[in-house]
Amino acid sequence: MKIPDHRRRLERLLAMVTVPQVLVTDPEDIRWLTGFTGSNGWVLASSEGTLLVTDGRYVDQATAQCADAGTRIEFAGGRSEMIGILTNSVTAELGFQDDRMTVSVHREISSRIDRLVPIGQDVRELRREKDPTEIETIARAARIADSALSECADHIVPGRTEREIRDALES
């Protein structure tokens, strides 16, 4: 996945929503921007780059997955510390994914940031545009799925259970 291309798209978004930074909290958007697949993390994204804030359970994973993305990583002890790291890095108003943030997190961040600007699903919309690498990855996955289905097709008959089909394929 070519993360820098994704950041260029995000820069276009930042210009459209007229905020210098966006807090990305959707795990799928975080993966798309940084490569990080952990279950706990947020990304502060700007034209300057990306900052991933996560907890210490993900030191090895975040370091390995974000190595090629140019993402700066900081580790926190819990949610309040994560919010502190993020809000200390905010330079002005902050865009946020209002459809992917809990009320309690919003309340805590808004007590530290003067202006929060909802951006809804704008980052998610950026993911719709695919680059050549993503298109090839999707095509490869489709070929694998087609091959797997072709292998199964002869074993799928009325009355046969999924377990029986699995056993036939594994034998």
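The values are calculated or read from the model by the stated rules, or taken from the named source; none is laboratory data. The structure displayed is predicted, hence computed values, not measured ones. Methodologically, a virtual Cβ is constructed for each residue, glycine included, from the backbone with ideal geometry; neighbour enumeration extends over all protein chains shown. Each accessible area value is taken on the protein alone, full model and side chains, heavy atoms only, with ligands, DNA and RNA left out. Shrake-Rupley method; radii C 1.70, N 1.55, O 1.52, S 1.80 Å.
Odds and ends about this structure:
- A search for C-beta distances below 8 Å between a residue of region 108-133 that is small (Gly, Ala, Ser) and any residue that is surrounded by 14 or more Cβ atoms within 10 Å (Cβ to Cβ), counting only pairs 6+ apart in sequence or on different chains, returns 110/116; 120/97; 120/98.
- Residues being farther than 19 Å from residue 109 by Cα and of a type outside the set (A, V, I, L, M) - total across region 59-81: 9
- Within region 19-74, the set of residues being within 11 Å of the chain's Cα centre (by Cα), aromatic (Phe, Trp, Tyr) and more than 18 Å from residue 119 (Cβ to Cβ) comprises 36 only.
- Total residues in region 14-57, condition assigned to a loop (DSSP other than H, G, I, E, B), farther than 19 Å from residue 79 by Cβ and open to solvent by less than 10 Å² (accessible area, probe 1.4 Å): 1
- Candidates are the residues of region 68-99 that are aliphatic (A, V, I, L, M) and without any contact (Cβ under 8 Å) to a residue 24 or more places away in the chain; the one that is nearest to residue 27 (Cα to Cα) is 73.
- Filter pass, residue 71 being touching a Ser or Thr at 6+ places or on another chain (Cβ under 6 Å) and within 23 Å of residue 17 (Cα to Cα): yes
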